[in-house]
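Engineer: I'd like to ask you about the structure that follows.
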Amino acid sequence: MKQTTQFLKMKESGEKISMLTAYDYPTAKLAQEAGIDLLLVGDSLGMVVLGYDSTVAVTTADMIHHTKAVRRGAPDTFTVTDLPFMTYHLSTEETLKTAAKLMQEGGAHAVKVEGAGTVVDRIHALTAAGVPVMAHLGLTPQSVGVLGGYKVQGKTASQAEKLIRDARECEAAGAFALVLECVPKQIAKEVSEALSIPVIGIGAGKDTDGQVLVFHDMVLFGVDRTPKFVKSYTDVSRAVRGGIASYIEDVKEKRFPDDEHSFSMKEEELNSLYG
Ligand code: KIV
Ligand code: NA
């Protein structure tokens, strides 16, 4: 299993880091088999798996439940779990306790937190307590209400300057990596060069140290629309919808189950059954 130190080495050697979200056993298993560098049990869980319209409703219990499934599917893959909405803002104590649950009950190797400012202190406290932390800047979905929608961040010079400052603070506080979401590619490049920890981009261009995508977007599974930055590599929705439609038709037309998919009794047993 790759560890935080390996991700740092990958940045130093110029090998790009591949990261993907996973929320369940089969996805985690397939991602590990395909050779993913690390997995994220993202709170995007709330949107792509649970059907909420934002990540705000996701609870710590949800994250533990799904992290356990991912760890069972990918026991040899470094797994990061999101600290959910409002679990790391009220106090350092609650932050540490929640992170401990994600690690001890869920089996997460690290946690991810969104934002800078007061969150920087939390990164410091978590790291000091032995919790590897991934930071997350740019578009921070837990703040969608404050940001006024899912929009590109850091487009003006002053916003970009703040982003770079925040990124440096996250690194100084002990974060082992940083997710940069939905920012102009030029700024992502600058942040990646400014930091010594790996920067994992999503909607941040090609010059970050790695990439992350949401699994359901990447394979088009149950999502109707994907953002501009997503590349979909297959169409699971089409395959699943088509499969279900064929099944329904077979049932209605009495084509399923056929003999091949049925059990049978020996003739003599059948005869003695009816005397
Ligand atoms: O929850 C999530 O999927 C994430 C990624 C978009 C980085 O935080
Ligand atoms: Na998230």
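Just so it is clear, none of the values below were taken in a lab; they were calculated from the coordinates. The structure presented is a predicted model; accordingly, all values stated were derived computationally and were not measured. No Cβ is skipped: glycine too gets one built from the backbone with ideal geometry, and neighbour counts run over all protein chains shown.
Engineer: Which residue fluctuates the most in the chain, going by a Gaussian network model with Cα springs under 10 Å, if the choices are Lys228, Lys112, Lys185?
Structural biologist: Per the Cα network of the chain with a 10 Å cutoff, Lys228 tops the list.
Engineer: Treating only the Cβ of Lys, Arg, Asp and Glu as charged (+1, +1, -1, -1), what charge dipole size does the chain show about its Cα centre? Round to the nearest 20 debye.
Structural biologist: Working: 29 positive and 36 negative charges, 179 e Å.
Here the size comes out at about 860 debye.
Engineer: Follow-up question, since we're still on this one. Which one of Pro84, Pro227, Pro257 has the biggest mean-square fluctuation once the chain is modelled by GNM with Cα springs under 10 Å?
Structural biologist: Of the options given, Pro257 has the highest mean-square fluctuation.
Engineer: Can I ask one more? Set the Förster distance to 30 Å, then compute FRET efficiency between Gln186 and Ser232 from the Cβ-Cβ distance, nearest 0.05. The partial results should precede the final answer.
Structural biologist: Numbers: r = 25 Å, r/R0 = 0.84.
Approximately 0.75, to the nearest 0.05.
Engineer: Given the options Val48, Val146, Val212, which has the most mean-square fluctuation in a GNM of the chain, springs set between C-alpha atoms less than 10 angstrom apart?
Structural biologist: Largest GNM mean-square fluctuation: Val146.
Engineer: Please give the FRET efficiency for Leu8 paired with Ser158, using the beta carbon to beta carbon distance and R0 = 30 Å, rounded to the nearest 0.05. Mind dumping the intermediate values first?
Structural biologist: On the way: r = 30 Å, r/R0 = 1.01.
Efficiency, from the Cβ-Cβ distance: 0.50.
Engineer: For the chain, find the longest principal axis of its Cα atoms and tell me its angle to the long axis of helix 25-34, 0 to 90°, nearest 10.
Structural biologist: On a 0 to 90 degree scale, this one is about 70.
Engineer: In addition: Over the chain, how many percent of alpha carbon pairs lie in each 10 Å bin up to the one with the longest distance?
Structural biologist: 7, 27, 33, 16, 6, 6, 3, 2, 0, 0
Engineer: Which net charge results when you count Lys and Arg as +1 and Asp and Glu as -1 among the other residues whose beta-carbon is under 12 Å from that of Pro26?
Structural biologist: Working: positive: Lys29, Arg72; negative: Asp24, Glu33.
Counting the neighbours of Pro26, the net charge comes to 0.
Engineer: Which of Ile64, Ala175, Val131 sits closest to the plus end of the dipole of the chain, meaning its Cα is farthest towards the positive end, when Lys and Arg get +1 and Asp and Glu get -1 on the C-beta?
Structural biologist: With unit charges placed on the Cβ atoms, the residue in question is Ala175.
Engineer: So what's the back-of-envelope 222 nm ellipticity for the chain, counting only DSSP H runs of four-plus at -39500 (n - 2.57) apiece and dividing by all residues, rounded to 500? Before the final figure, lay out each step's value.
Structural biologist: Working: 12 runs with 121 residues, N = 275.
Computed mean residue ellipticity for the chain: -13000 deg cm²/dmol.
Engineer: Give me the angle, in degrees from 0 to 90, between the Cα long axis of helix 92-104 and the longest principal axis of the Cα atoms of the chain, rounded to the nearest 10.
Structural biologist: Approximately 40 degrees, to the nearest 10.
Engineer: If you take the charge dipole of the chain about its Cα centre, with +1 on Lys and Arg Cβ and -1 on Asp and Glu Cβ, which of Ala157, Thr95, His261 is farthest toward its positive end?
Structural biologist: With unit charges placed on the Cβ atoms, the residue in question is Ala157.
Engineer: OK, next. Cα atoms only, the stretch 95-144: Rg and Dmax in Å?
Structural biologist: Here Rg and the maximum Cα pair distance are 10.9, 30 Å.
Engineer: Using the scaling law 2.2 N^0.38 Å as the reference, what is the normalised Cα Rg of the stretch 136-260?
Structural biologist: Details: Rg = 20.9 Å, N = 125, 2.2 N^0.38 = 13.8 Å.
After normalising by residue count via 2.2 N^0.38 Å, the value is 1.52.
Engineer: Follow-up question, since we're still on this one. Take the stretch 151-207, compute every pairwise Cα distance, and split them into 5 Å bins from 0; I just need the percent in each bin.
Structural biologist: 5, 23, 34, 27, 11, 1
Engineer: Right, something else. Assigning unit charges at the beta carbon (Lys, Arg +1; Asp, Glu -1) and nothing else, what dipole magnitude in debye, to the nearest 20, does the stretch 1-40 show about its Cα centre?
Structural biologist: Values: 5 positive and 5 negative charges, 21 e Å.
Taking the Cα centre of the stretch 1-40 as origin, the dipole is about 100 debye.
Engineer: If the cut-off is a Cα-Cα distance under 30 Å, which lysines reach Lys2, setting aside same-chain residues fewer than 8 apart in sequence?
Structural biologist: Here the lysines satisfying the reach criterion relative to Lys2 are Lys11, Lys16, Lys29, Lys68, Lys97, Lys101, Lys112, Lys185, Lys189, Lys206, Lys231.
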